[in-house]
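Provided herewith is a single structure, encoded as structure tokens, for subsequent inquiry.
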Amino acid sequence: MRTGRRASRLLRIATALVLAASSLVMLVPSVSAAPPLSEQQSRVTLAAVYNGETLPGGFGPLWSTVVVQNLEALPIEIRVRNQRIGGTIQGPFTLAPRAARAFTAAELAGFGLVPSGGSAGLVIEASFTDTSQAILSELGICTVACNPAIAVVEKHGGPSALGIDLRTTSAFQSVSGATGIRDDDWEAANFGRNWVLPVVQTNSNWRTVIKIANLRNQLNQVTVTLRRSRGVTAGEQTYTLNQTLSAGQTWTIDLSSVVPPEWVGAAFVDATSTGVAVVAERYKPEWRMLLTNEGVPRVTATTRYAPIVFRDFNNWNTGITVVNLDSSNSNTLTFTYFDRNGVAQVVPPELSTITLQPGRAPSSIARISAPFRASTQLASMPSSSVGSVRSPRRSTR
């Protein structure tokens, strides 16, 4: 009997070594500079998950499907909730190594997490199963409780609901999506207090809806400051909105109800307490075009990157918008564009260097994309890719 127990123990340790080795291989070469498990990816936040919501102007309705992937080589458990502290919590749901789990809008609504005909913020948290934690402890990888890394994406479309496979057909008029906010971005935004949306607009028949979800279990006072882009003359230079949000409440702002047509600018979102997530939906109803921009932390940075951009590529082009976060000083930005082989490209001067006034956003720069540098500080920018279509009922994403 003792021999059998020893053989079983040896087999368990051997299996653990194989699983742990697979996990560590995925982390090379960064393993020497950081722990093998990313605590910053164990909790991920989404600002808006849709369940049959129609946006202002009759755009929609829209439904979401959320996909969570286990990035580890060991089983994990996940929980989904509508607040980062307190609120409604569902789970645990077990994910096998590297496996993914999809949650449809209907399922999330059944859990009491997303209202019918509306949207809500969502938080996904992960932890190792007891067996996985025991293996990590026995191998000396994690001698105290540690958390696994997960990845989360949300896809929404309409006018019918998405399934667990996220497939869309020609019957779908619009499709978009968002990447979950990792905790390192959350912390960079002063724990969900300070965000910026570098582009919000009502020009050229575009509409913008801003969604701010209070994921705190208490009241939260939120201020939205809209700042007009340079070169734009419509409306006022600055608009200020204030709202007190209850626990779990989402504030939906129809930009066209605040600013006039042909207005373009940036939205600065500030909360008095921790816990808000922000997203902007920009859409062009006549073309069924829908673009989603997540809020960006207002953190100092002198270099930002756009990993993929298009210029006349299969009728796709990319526009970039940047915001000067310095409220006192002008900021000169240098853009450098690289082809797929890493060769810097020669571009007209107006596409390579621009100067921003304090706290201002420029008009979007069209048909460019690349890394760029700033002399002081700026916000991470969204790069929106738009392709020409043959029918206004065809999706562009």
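At 0.36 nm per residue, and after removing the present C-alpha to C-alpha distance, how many nm does the segment from SER170 to THR240 gain when stretched out fully?
Net length gain for the segment: 21.1 nm.
Less than 19 Å from a label point 7 Å out along the Cα-to-Cβ axis of THR54: which backbone N atoms in the range 101-116 qualify, by residue?
Residues 115-116 qualify, since their backbone N sits under 19 Å from the label point.
When the accessible area of the range 113-172 is split by element with a 1.4 Å probe, what percent falls to carbon and sulfur? Please report the intermediate quantities before stating the final value.
Details: 1420 of 2570 Å².
So the carbon and sulfur contribution to the accessible surface is 55 percent.
All other residues with a Cβ under 14 Å from the Cβ of VAL68 taken together, and with Lys, Arg as +1 and Asp, Glu as -1, what is their net charge?
Working: positive: ARG43, ARG79, ARG81, ARG98, ARG101, LYS155, ARG182; negative: GLU72, GLU77, GLU107, GLU125, GLU154.
In short, +2.
Compute the FRET efficiency between ASP254 and ASP130 as 1/(1 + (r/R0)^6), taking r as their Cβ-Cβ distance and R0 = 45 Å, and round to the nearest 0.05.
Details: r = 48 Å, r/R0 = 1.06.
Rounded to the nearest 0.05, the efficiency is 0.40.
Another one. In the neighborhood of GLY87, defined by Cβ-to-Cβ distances under 15 Å, what is the net charge if each Lys or Arg adds +1 and each Asp or Glu adds -1? Spell out each step's value before the answer.
Numbers: positive: ARG43, ARG79, ARG81, ARG84, ARG216; negative: GLU125.
Counting the neighbours of GLY87, the net charge comes to +4.
Per residue, how much accessible surface does the range 262-349 expose to a 1.4 Å probe? Answer in Å², no decimals.
Working: 4140 Å² over 88 residues.
About 47 Å² of surface per residue is accessible.
Taking the dipole about the Cα centre of the range 159-278, with the C-beta of Lys and Arg at +1 and of Asp and Glu at -1, give me whichever of ALA161, ASN203, ALA188 is farthest to the positive side.
The one lying farthest along the dipole's positive direction is ASN203.
Taking loop as defined by DSSP and a crowding limit of 14 other beta carbons within 10 Å, which trypsin sites (Lys or Arg not before Pro) in the range 148-196 fit? Write down the numbers at each step before the final one.
Numbers: sites: LYS155, ARG167, ARG182, ARG193; in loops: ARG167, ARG193.
Passing both the DSSP loop test and the Cβ count: ARG167.
Related question: Skip the ligands, DNA and RNA, and give the accessible area per residue of the range 75-164 with a 1.4 Å probe, whole Å². Write down the numbers at each step before the final one.
Details: 3550 Å² over 90 residues.
Heavy-atom accessible area per residue stands at 39 Å².
By how many nm would the segment from ASN314 to LEU219 grow when fully extended, if each residue of separation counts as 0.36 nm and the alpha-carbon distance is taken off? Provide the component values of the computation, followed by the final result.
On the way: separation 95, 0.36 × 95 = 34.20 nm, distance 4.80 nm.
Once the chain is fully extended between ASN314 and LEU219, it gains 29.4 nm.
Suppose each label sits 7 Å from its Cα in the direction of the beta carbon; what would the ILE85-ALA301 distance come out to in nanometres?
Taking the two extended label points, one gets 2.7 nm.
Of the accessible area of the range 184-309, with the probe set at 1.4 angstrom, what percent is carbon plus sulfur? Let's see the in-between values first.
Values: 2180 of 4880 Å².
Looking at the range 184-309 in its full context, I get 45 percent from C and S.
The values are calculated or read from the model by the stated rules, or taken from the named source; none is laboratory data. For clarity, every value in this text was computed on a predicted model and none was experimentally measured. A quick note on method: Cβ atoms are made from the backbone with ideal geometry, for glycine too, and the neighbour counts reach across all protein chains shown. Remember, those area values only see protein heavy atoms, side chains included, never the ligands or the DNA or RNA. Shrake-Rupley method; radii C 1.70, N 1.55, O 1.52, S 1.80 Å.
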